[in-house]
Amino acid sequence: MNLLPVSYKERPGMELPNGVFLYFTRPLVMSVINCTPDSFYPPSRTFSPEEAAEQALAAESEGADIVDFGAESTRPGSESIDEEEEISRLIPALRLFRRQSSLPVSVDTQKTAVARLALDEGADIINDVSSLSDSGMISLCDDRKAALVFVHNGPVSETHNFLHTMAEKAIRAGIEKNKIILDPGFGFGKSASDTISLLDRLETIKHEDYPLLVGLSRKRFIGELTGRDTEERLAGTIAANVLAIIGGADIVRVHDTAAAVDMVKVISAVKKEAWQG
């Protein structure tokens, strides 16, 4: 990898449904809020809407730019849950948070019905790890002017073409170009060696028209590289996210908000002139 950051070129702000704008003049921190009892990282698990909302408010106080609520685990080997269960976990937590905060909210869901209710409660971004397995998701996001994250799940060799094909499909269906976020899907259908290869050439996935989101936090490949259990992977996560930002990541999705915010502050201070050049 060429250890020089890609430039943060002029890009219009991303207007979200609640009237808030996201500006990508520096990397943004997206904090994971798990409304689940079975997340792969035990300290992130919550067991009530109140606990999830409190976790989101704590992330905001630590400097998160976006909070990402999810009520169905996507860890390897996890079991899917039905629509009613996902709604019962997610919506009360989101409602409680929205009563106290206007921070941009992303919702990690594959189900259009869940996404619709989340948008009703003030969500701004739909983070669809299935990349539109539910055919109604595009029209919903178009109608609500919500931002949409496409996540690649599969071989590394297909990542670039898949993501840009999906972006073009969404634009043809009516989604505004500046409402699309791309995620190469670290940990989704990729081995540790695949993940390392993708991280090393992340700049080849980058497209100046679309923000790039990465989810590397405490992932299995870090454990394989370091021999550390999930709870001991913070240092490895920080290193991986630094490399991702150098490679062009605009958003890092993390469990450890304060540490990630500090990382971004340092990188931004050191590399500010290079990014703006």
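The values are calculated or read from the model by the stated rules, or taken from the named source; none is laboratory data. What you are looking at is a predicted structure, and each value in this text was computed from that prediction instead of being measured. When we count neighbours, we look across all protein chains shown, and the Cβ atoms used for this are built from the backbone with ideal geometry, even at glycine. Accessible surface areas use protein heavy atoms only, side chains included; no ligands, DNA or RNA. Shrake-Rupley method; radii C 1.70, N 1.55, O 1.52, S 1.80 Å.
How do the pairs read when you match residues in the stretch 168-179 that are over 10 Å from residue 210 (Cβ atoms) with residues anywhere that are at pLDDT 90 or above and surrounded by fewer than 14 Cβ atoms within 10 Å (Cβ to Cβ), using Cβ under 8 Å and keeping only pairs 6 or more apart or on different chains?
Here the result reads 171/177; 173/139; 174/139, each pair linking the stretch 168-179 to a residue that is at pLDDT 90 or above and surrounded by fewer than 14 Cβ atoms within 10 Å (Cβ to Cβ).
Specify the residue that is modelled with the lowest pLDDT; the eligible residues are those in the stretch 17-47 that are more than 26 Å from residue 238 (Cβ to Cβ) and in contact with a Lys or Arg (Cβ under 8 Å, 6 or more places away or on another chain).
37
Based on this model, can you work out whether residue 4 counts as closer than 27 Å to residue 246 by Cα and either open to solvent by 10 Å² or more (accessible area, probe 1.4 Å) or at pLDDT 85 or above (or both)?
Here the answer is yes, as residue 4 does meet what is asked.
Is it the case that residue 195 is hydroxyl-bearing (Ser, Thr, Tyr), buried (at least 23 other Cβ atoms within 10 Å of the Cβ) and farther than 19 Å from residue 106 by Cα?
yes
Could you name every one of the strands (runs of 3 or more DSSP E) located completely within the stretch 48-148 that has at least 2 residues being of a type in the set (Asp, Glu), modelled with pLDDT of 95 or more and crowded, with 24+ Cβ neighbours inside 10 Å?
Qualifying strands (runs of 3 or more DSSP E): none found.
Please specify each residue of the stretch 79-121 satisfying the condition of being within 18 Å of residue 55 (Cβ to Cβ) and touching a Lys or Arg at 6+ places or on another chain (Cβ under 6 Å).
121, the sole residue that qualifies.
When you look at residue 247, is it open to solvent by less than 10 Å² (accessible area, probe 1.4 Å) and on the phi < 0 side of the Ramachandran plot, yes or no? Step through it out loud before you land on a result.
Details: open to solvent by less than 10 Å² (accessible area, probe 1.4 Å): yes; on the phi < 0 side of the Ramachandran plot: yes.
Taking the combined requirement at face value, the residue satisfies it.
Taking the stretch 19-47, which residues are of a type in the set (S, T, N, Q) and assigned to a loop (DSSP other than H, G, I, E, B)?
25, 36, 39, 46
How do the helices (runs of 4 or more DSSP H) wholly within the stretch 186-277 filter down when requiring 1 or more residues that are among the aromatic types (Phe, Trp, Tyr) and in contact with a Phe, Trp or Tyr (Cβ under 7 Å, 6 or more places away or on another chain): which remain?
257-276
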